[in-house]
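Below you'll find the structure, written out as structure tokens, and then a few comments.
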Amino acid sequence: MNIILFGPPGSGKGTQAVNICENLSIPHLSTGDMLREAVASGSDIGKKAKEIMEDGGLVSDEIVLSIVKERIAFKDCSNGFVLDGFPRTINQATGLDSLLDVSQKIEYVLRIKVDEEDILKRLIERGRSDDNPVTIKNRFKTYNSQTQPLIPFYENRKILFTINGMQEIEKVFEDIKKVIGL
Ligand code: B4P
């Protein structure tokens, strides 16, 4: 099963991706984690990504598509995968289409819907380096301008399913399981 987890910052994409991947024994492909690893390793990609991530912007489509392309070609993705936090722009979504072969069709785009004000508290409590009020505000702005347009994009394909993310983690997962038939 090939799934995209989609939603604003702190909506619980990473949290639910772990649950789904454990249940289905498929890999978890988080572009946020991949980019944080690149930053930690000090690679060229990491150097380019660091400042953008600290500002709450989006790393270039070119960089993100190249790391996803490399990862999705691994053998462990042949039985399915969960994409967490990717695509985040229309350009990334069309880029993803061209990376996938016919057998790798995306079946579900799970949109986790949350209230922005409540999420601020969640993220500040987590305390990652980009979880400070200024960066969080920018991350939301970025989401609203660049990522929201993916909602009609996937709605048109009839693969978008909205999940209420303002519930306990276990309850959110129950709702996801119902949608994907687990
Ligand atoms: P991400 O790593 O994707 O970070 P995120 O959107 O903030 O996290 P997520 O929604 O996964 O939240 P989580 O489950 O952890 O991106 C970070 C940055 O990387 C971006 O700003 C961007 O710069 C860059 N980037 C990543 N992908 C990119 C792309 N495709 N293109 C360009 N740039 C890209 O949950 C957050 C917290 O809430 C946790 O502490 C969790 O325990 C808690 N929580 C989760 N669900 C909860 C619930 N139901 N109730 C209460 N708490 C909950």
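Near A40: Cβ cut-off under 12 Å, other residues only, Lys/Arg at +1 and Asp/Glu at -1. The net charge is +1. Rounded to the nearest 5, the antiparallel percentage of DSSP beta bridges internal to the chain is 0%. Counting only DSSP H runs of at least 4 residues, each contributing -39500 (n - 2.57), and dividing by the residue count of the chain, the helix-based mean residue ellipticity at 222 nm comes to -16000 deg cm²/dmol. With Cα atoms defining each centre, segment 73-100 and segment 117-182 are spaced 18 Å apart in the structure.
In terms of distances greater than 18 angstrom between alpha carbons, the cross-link table entries K13/K177; K47/K137; K48/K141; K69/K105; K69/K177; K113/K177 yield K47/K137; K48/K141; K69/K177. Normalised by the number of residues in segment 25-79, the mean separation of alpha-carbon contacts (under 8 Å, six or more apart) gives a relative contact order of 39 percent. One decimal place: the segment D118-I159 gains 12.0 nm when fully extended, by the rule 0.36 nm per residue minus the C-alpha distance. Spin-label pair E107-D76: with each label point 7 Å from Cα along the Cα-Cβ axis, the two points sit 2.0 nm from one another. For the chain, relative contact order (Cα pairs under 8 Å, six or more residues apart, normalised by length) works out to 34 percent.
Largest GNM mean-square fluctuation among Q146, Q104, Q167, using the chain with Cα springs under 10 Å: Q167.
Any read-out appearing in this document is the output of simple, stated calculations on the displayed coordinates, not a laboratory observation. Note that the coordinates shown come from a computational prediction; the quantities given were computed from them, not determined experimentally. Here the Cβ is made from the backbone with ideal geometry for all residues, glycine too, and neighbour counts use every protein chain on show.
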